[in-house]
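Derivation of every value follows stated rules applied to the coordinates shown; laboratory data play no part. The shown structure was predicted, so the numbers you read here are calculated from the model rather than taken from an experiment. Backbone-built Cβ (ideal geometry, glycine too); neighbour counts: all protein chains shown.
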Amino acid sequence: MKKFFALIAALCPIWAGAQTLQSPDGKYEFRFDAEAMTYSINFAGKNVVLPSEIGVNLDNRLFESALGIPNDTQSQWRLETSETSSHSSTWAPLYGENASIADNYNELVLHLVKGEAKNEKAGYDFDKRQFYNMDIVVRVYNEGVAFRYHFPEQSNGLFLNISGEKTSFAMPSGTVGYSSEWAQGPFVKTNLEPSDMELERPILLELPNGLKAAIMEAAMVDYARGKFIIPKQDVLQVSLYSGVEVISPYSTPWRVVMAGEKVVDLINHKDLILNLNEPCKLSDTSFIRPGKAYRCGKLERSFIMKSIAFAEQMNFQFIELDARWYGPEMSMESSALKESPDRNFTVKEVCDSAAAHGLGVWVYVNQRALYQELDQIIPLYKKWGVAGIKFGFVQVGNQYWSSWLHDAVRKCGEAGIMVDIHDEYRPTGVSRSYPNLLTQEGIGGNEEMPDADHNVMLAYTRFLCGPADYTPSYYNGRIKNTRAHQLAMAAVYYSPLEFLFWYDDPKLFDGGEELKFWKDIPTVFDESIALDGEIGEYIVQARRVGSEWFVGVLNNKSARSISLDTSFLGGKGKWTVEIYTDDTSLDTKSKVASQQIKLKAGKPIALNLLPSGGAALHFIPVK
């Protein structure tokens, strides 16, 4: 009977009324009002998004005028039909934070039409024809709600000029937001008061009803970057960097809303962003190898050899030759097809030496050189033995550069080269389609040496949308946090390519026992659980590889004591736990204490966290 009514809804025109869709577990509800062209979202019986505008702005006036189409084609969209379906599957990513990901959702497709016209003088007869067609595709998961706009092939044959989106998110009065103005900027707490200031996605929200929520973007491949403005009180509006010109059929990126009773629920549901992207498009992924990397801070042969030895000693998988190995990176005249004449090494020699120690080599290339030489760079670097390219100072924002950048990732993937994108690029899950894109910056990391308050906020904001190349330092004197705080980043922050000891020189290494944690922890995992935390205060993240668990704790600038619940270990087994915590009484460079205890699963561990401090723990089952 349900299938019968779904079929009737799919085939029959809908003249009025609301369409609703729930998540498989019934907690989320999406509601669409066809007459008002608004939507709303509830979670667990509480409001998340109040009735809000939905749709896009099409600006095809020049073409409409040439065809004699009157202005009434700018009238409102109307809903003709709708259809629902369900999907349930599980897939295994090539690598990730979890070895398997459930992809279960209910889907609603709203078929809308707009505009009818007739102009016999011009020789065009659009009488009783739908001049524009648009679908709103809605998916409701147990983890969140996503919707996007799909344009089927238009019968008029015109391209579509999307000048902006009407997409908005009206939040309950009193909602507080946390975001940054740019991808590498500090976080701003806002009461959602009217402002033209653009806020980055994702944006984290605290609702007056106690819920925590996040609004994000997924599958942004050939579109303009979206941010948020606040046009009126408590309303977030999607703000595109520029207009977008497309030929149908075409789908825009997904707009994503997640909610939870606890803020760590958002972290534990962020695989939703990957689910909204297309499966892997590469036929060969054998070259893709996540791992830890050491940046060669001095581009000189003897230092590079020391770096190779240090990386091998620390159980790393890569070294990297950073900017200027081929000349001034900001100069259009610098060619990345050859080494700078003042270098006393060749990239091929470095690749050969690193390979002899089981290491791969990454090289930095500025987008200026990539734009001019990518098709020559790829086969040459393959010949040299380069494992990956770090794209530097990429242009982001408009549709052209978005398309160029993702096409460059595709070309590298098809040729067997990994990619790390630096500067203002924020992920939207494209790594599922092209897993050679291991990581990206788009974060205020240790290049800026932020404080502990910023670092804790990252777990609840930037890392919701995907991995980030934070580049943790350890010995550098400009660090504003304790060394245990820095140590814990390897477990809290996820990046399949993890640069460690950024700005550090191997000669600073003093063999501190605690660095065993960085040596032991991998960069990809079988299971990840955010155990505990509060926005901007602290975060406790656990990650499993095989039968072992790694836990990282980051604290803000206020001292606190927490009890680490170890029930995540499951069962009644016994564990050996290596614990690394701050101890200012130690006469060591790092002032990090190392201890080993025996523990029964479920027994709590008391942790006293210093201001700007942290803790790192490694759980090994006792056989």
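A few comments on the model shown:
- Rounded FRET efficiency, nearest 0.05, which uses the C-beta distance separating Arg301 from Asp352 and R0 of 22 Å: 0.95
- Simple Cβ-charge dipole of the chain, Lys/Arg +1 and Asp/Glu -1, about Cα centre, in debye nearest 20: 1200
- Counted by neighbouring Cβ atoms within 10 Å, the residues Arg462, Arg289 run from fewest to most as Arg289, Arg462.
- Amide H contacts of Val48 (H built 1.01 Å from N, in plane; Pro and chain starts excluded): Ile41, Asn42, Phe43 sit under 5 Å, all sequence-distant by 5 or more or on other chains.
- The chain: relative contact order in percent, alpha carbon pairs under 8 Å with at least 6 residues between: 11
- Using a simple spin-label model with pseudo-atoms 7 Å out from Cα toward Cβ, Asn142 and Asp520 lie 3.2 nm apart.
- Residue exposure sequence - Val256, Val138 - by fewest surrounding Cβ within 10 Å: Val138, Val256
- Extension gain (nm, one decimal) between Glu534 and Ser195, 0.36 nm per residue minus Cα-Cα: 119.3 nm
- Phi-based couplings in Hz for segment 473-487 (Karplus 6.51, -1.76, 1.60; Gly and Pro marked x): 9, 9, 8, 4, x, 8, 4, 9, 10, 6, 6, 5, 4, 5, 4
- Computed 3J(HN,Hα) for segment 581-596, one whole-Hz value per residue from the Karplus formula 6.51 cos²θ - 1.76 cosθ + 1.60 where θ = phi - 60°, is 9, 6, 8, 5, 7, 6, 9, 10, 5, 8, 6, 10, 8, 10, 9, 10, glycine and proline marked x.
- Under 5 Å between amide hydrogens, built in the peptide plane, is the criterion, and for Met197 it picks out Ile230 among residues at least 5 positions away or on other chains.
- If R0 is 30 Å, the Cβ-Cβ spacing of Leu586 and Lys507 corresponds to a FRET efficiency of close to 0.90.
- Ranked Thr38, Thr167, criterion: other C-beta atoms within 10 Å, fewest first: Thr38, Thr167
- Using the Cβ-Cβ distance between Val176 and Asp25 with R0 set to 22 Å, the FRET efficiency works out to roughly 0.20.
- The aspartates and glutamates within cross-link reach of Lys262, meaning a Cα-to-Cα straight distance under 15 Å and a gap of 8 or more places when in the same chain, are Glu143, Glu206, Asp532, Glu534, Glu537.
- Local electrostatic count, Asp375, Cβ distance below 13 Å [Lys/Arg +1, Asp/Glu -1]: 0
- Label-point separation in nm, Asp265 to Tyr371, each point 7 Å along Cα→Cβ: 4.5
- Amide H contacts for Val592 (H built 1.01 Å from N in the peptide plane; partners 5 or more residues away or on another chain; cut-off under 5 Å): Asp583.
- Placing +1 on each Lys and Arg Cβ and -1 on each Asp and Glu Cβ, with no other charges, gives segment 129-218 a dipole about its Cα centre of roughly 280 debye.
- For the set Lys281/Lys348; Lys270/Lys600; Lys382/Lys519; Lys507/Lys591; Lys348/Lys507; Lys27/Lys232, the pairs lying more than 22 angstrom apart at their alpha carbons are Lys281/Lys348; Lys270/Lys600; Lys382/Lys519; Lys348/Lys507; Lys27/Lys232.
- Remark: segment 133-138, residue by residue, has Karplus-estimated 3J(HN,Hα) of 10, 8, 9, 9, 9, 10 Hz, where x stands for each Gly or Pro and the curve is 6.51 cos²θ - 1.76 cosθ + 1.60 at θ = phi - 60°.
- Set of segment 341-360 residues, backbone N closer than 17 Å to the point 7 Å along the Cα-Cβ line of Ala309: 350, 353-359
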